[in-house]
Amino acid sequence: MDQTVPDYERFEREQIAQDRDRQRPNTVEIDEPRGREVVTSLLDEGVVEPIPEHEVLQHVPSGQCFNSDVALVYFHKGWEARGEE
């Protein structure tokens, strides 16, 4: 632990990290039904678009395509986390 950082600053950093952890969904618990819910929400938001001729879903911001709802959700959560840092 860095002793040159004041206690109040360390405390604040810990609180921010805990808040960030609470805001992020736990991707370990995403099963097919929950994955379908998240994908439906992403479709409504325009983050995901279906490509029927290839039977895949495209993650619009990245251009990546997926044929699994769960794989798409995992990818999107990682993509969001990357943007937060």
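Taken over the stretch 50-85, the criterion of being open to solvent by 90 Å² or more (accessible area, probe 1.4 Å) and either among the charged types (D, E, K, R) or at positive phi (or both) is satisfied by E53, E55, R82, E84, E85. Only one entry in L72, L42, L57 is in a strand (DSSP E or B) and modelled with pLDDT of 90 or more, namely L57.
Quick one: in the stretch 20-31, of everything that is outside any loop (DSSP other than H, G, I, E, B) and surrounded by 10 or more Cβ atoms within 10 Å (Cβ to Cβ), which residue is modelled with the highest pLDDT? Looking at the filtered set, the residue picked out is R20.
For P6, are the conditions met, namely being at pLDDT 85 or above and loosely packed, with under 13 Cβ neighbours inside 10 Å?
Criteria not met by P6.
The values are calculated or read from the model by the stated rules, or taken from the named source; none is laboratory data. What you are looking at is a predicted structure, and each value in this text was computed from that prediction instead of being measured. All Cβ positions, glycine included, derive from the backbone under ideal geometry; neighbour counts span all protein chains shown. Remember, those area values only see protein heavy atoms, side chains included, never the ligands or the DNA or RNA. Shrake-Rupley method; radii C 1.70, N 1.55, O 1.52, S 1.80 Å.
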